[in-house]
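The values are calculated or read from the model by the stated rules, or taken from the named source; none is laboratory data. Fair warning: this is a prediction, and the values are worked out from it, not measured in the lab. Quick reminder, even Gly has a Cβ in these numbers, built from the backbone with ideal geometry, and neighbours come from all protein chains shown. The area values use the complete protein model at the heavy-atom level, side chains included, leaving out ligands, DNA and RNA. Shrake-Rupley method; radii C 1.70, N 1.55, O 1.52, S 1.80 Å.
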Amino acid sequence: MTQPRFLLVPQLDLDEKWVALAQTFPGKFLLVAGFSGLLFLHEISYWWLLSIYLLAFSAWPEKRWGVLFAATWSFLLVGPTDFHWERISHLFISAGIPWEIHNSLAGLPLILLTLLIAGGYIHLSQRCPQRLRRPILVLTLFFLGMMLIASYAPLPRTITAGMWVFLTLLGQYYWFVCFTLKECRSPQALSFSRQVGQYLPFWEPTVIPYPKGSGYLRKIEAKTARDFAICQLKGLKLLIWAFWLKLFYFTASLIFFGQAGLLFDRLLLKNESGKIALYWGGRFLREISALPHLTQLPRFESAMNMAATGNPLPWQMNWAVLLSDFLCFLLYVAFTTHIVIAVIRMCGFNALRNTYRPLESKTIAEFWNRYFYYFKELLVEFFFYPTFFRYFKKRPVLRMYVATMAAAFFGNFLFHFIRDIWFVVELGFFRALFAFHTYFIYSFVLGNMIFLSQWRQEKVSQMKMGVISRWLAPVRVLGFYCLLTIFVDFRRESISENLAFFLSLFPFS
Amino acid sequence: MSREIAINDFIHRLLTEHGYDEKVDRADSLILSGVLDSLAVIHLVVFLEEQFGIDFSDIYFDQTSFDSIEKISEFVKNHQPSSS
């Protein structure tokens, strides 16, 4: 007789009793109630609204796409967004247009106008595929060209302001539009109106489309009642796992930085819902925070500031700060994106996890694939594949190098430049480009190292790795990414600040 | 049939290299299930270019078209130059 195994996350989706229960009306209700309770404990703002949406998804799985449309658009109007309406209002007012926009509801005409223009372009690319052979490339050139014109052309201020507003709004939808442009050439393409229901979806209304475009979403949707039940149970499981990871994250923050209580305080101020859970969680951690700490490291940013001003911490301490901050960062990415994927699964879309065991990566390329899957997939879809399929077919090594650099270097850089368009609004195109020089170097190094990792992987894949190599591989990989994160912080005056911290890791400096 | 055998052999070799040792049937999901990643897709693309002369530069490409041995075989059937 086998002993029952203790698991941090129960294998609900493999238990036939749970699968059967999740297909009944009370079972569905119970599942959503349990999920909502966990969302509340996770301090998710608007957890109650998400719960209403999930109830609708559970009650009418066959009307999933309609519910998704309604949920996304209602959430856009009442939930948090990255549209920066206060900055948009400032642009209008400084151009002499007395239009103050406080929320997405007031800004809805602008959102609709932006999507109407995007829809017109998508329609054009669908109607004239021969004349518009590379619609994503044309869109990118158009976007960058408009940035240049708005930065430097001697136009009336009202027109410049209008252009910036359009670009900042389009910037939010940019990669969603790119997915539609790609998918509209598929024989089974969904209509634009249906795809718009997934633009800035309620489960994560940010610039990275989770999980990719509508075509992908359709491929992973649960087709039967049983599949739907299993998919939802997997969602619940992932949310439970996210809860554990969040606990590890706070524990690690507490051990390394002695700041878990402070973190909770900050969340408490930010978050208006879920106060009770926060109160007890925060109080518990604040009590522990009052105890003597094992270590009380400064945060990465403070250590970097100290190095930048010529007063670095001892090198051993800097290593401790870097390693602990990197570990906390990985935990943070994992639990936040697990919550997103859990909600997607509760809606009946069986999406893969965004972060999957990154600490097990044996190569730099593998880590890139495991740590932020949907960002990597975006770069692969729009930069890697198109380059790989078109150029240097007769020269395999060069072909792989150029395609990898197109994605991990150029695509990565372009993504962040478009995402942080407000830098361009404030500084102008070329000054903003210069301000990104640290990220330019970061993505250049990353691209080259991913290429080398893939190239080396091909060479050694036939050989068996020794035991020591197998153990050392993840250490090498994590060490590389840990050092590289020093250069992710590109909002500094110059790369010399990042370099100062890098050098302060070594005793000779 | 020889087409599917060649694809089947290649996929199994690819899976072994990826450390996946479970049996895969012709309809089993490879991409959507996360068994194979985009780098594996690239190896598959190079194999299909060399083995079947497929030119991917003008094809609508969706990596989920390679989700199973069955689908890859269907893809090759539709895009192999000699079959057009």
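Figures for the structure shown
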{"read-out": "Anisotropy class of region A:356-509 from Cα gyration tensor, a/c 1.5 cut", "value": "oblate"}
{"read-out": "Portion, in percent, of the accessible area of chain B that falls on carbon or sulfur, probe 1.4 Å", "value": "47 percent"}
{"read-out": "Dipole magnitude of region A:322-433, debye to nearest 20 (Cβ charges: Lys/Arg +1, Asp/Glu -1, about Cα centre)", "value": "580 debye"}
{"read-out": "Separation between Cα centres of region A:315-340 and region A:151-166, rounded to whole Å", "value": "41 Å"}
{"read-out": "FRET efficiency, 1/(1 + (r/R0)^6) with R0 35 Å, evaluated for A:ILE52 and B:GLU4 via beta carbons", "value": "0.15"}
{"read-out": "For chain A, diffusion coefficient by Stokes-Einstein and Kirkwood Rh (Cα), 37 °C, 0.692 mPa s, µm²/s", "value": "130 µm²/s"}
{"read-out": "Delta accessible area of at least 50 Å² on complex formation, residues of region A:202-219, 1.4 Å probe, chain isolated as reference", "value": "A:LYS219"}
{"read-out": "Selected from A:LEU427, A:TYR401, A:LEU378, residue furthest toward positive end of dipole (region A:356-509; charges at beta carbon)", "value": "A:TYR401"}
{"read-out": "Length added when fully stretched, A:GLU426-A:TRP85, from 0.36 nm per residue minus Cα-Cα", "value": "121.2 nm"}
{"read-out": "Residues losing 40 Å² or more accessible surface upon assembly, region B:35-84, compared with the chain by itself, 1.4 Å", "value": "B:SER38, B:LEU39, B:ILE42, B:GLU49, B:SER57, B:TYR60, B:PHE61, B:GLN63"}
{"read-out": "Pair A:ASP227, B:ASN78: separation of 7 Å Cα→Cβ label points (nm)", "value": "1.8 nm"}
{"read-out": "Per-residue SASA entry for A:THR251, accessible area with 1.4 Å probe, Å² rounded to 10", "value": "60 Å²"}
{"read-out": "A:THR251-A:TRP455 pseudo-label distance in nm [points 7 Å out on the Cα-to-Cβ vector]", "value": "4.3 nm"}
{"read-out": "Length released on extending from A:SER496 to A:ILE149, taking residue separation times 0.36 nm less the Cα-Cα span", "value": "121.8 nm"}
{"read-out": "Segment A:PHE25-A:SER45, extension gain: residue separation times 0.36 nm, minus the distance between their alpha carbons", "value": "4.5 nm"}
{"read-out": "Relative contact order, percent, chain A [alpha-carbon distance under 8 Å, six or more residues apart]", "value": "17 percent"}
{"read-out": "Mean accessible surface per residue for chain A, computed with a 1.4 Å probe while every protein chain stays in place, in Å²", "value": "48 Å²"}
{"read-out": "Spacing of the two label points (7 Å from each Cα toward its C-beta) at A:VAL475 and A:LYS17, in nm", "value": "4.6 nm"}
{"read-out": "Chain B: most fluctuating residue of B:SER73, B:SER29, B:SER38 per GNM, C-alpha cutoff 10 Å", "value": "B:SER38"}
{"read-out": "Area hidden from solvent between B and A (accessible, protein heavy atoms only, 1.4 Å, total, Å²)", "value": "2000 Å²"}
{"read-out": "Cα gyration tensor, region A:58-148 - rounded (a/c under 1.5), prolate or oblate", "value": "oblate"}
{"read-out": "Surface per residue (accessible, 1.4 Å probe) for chain B, Å²", "value": "50 Å²"}
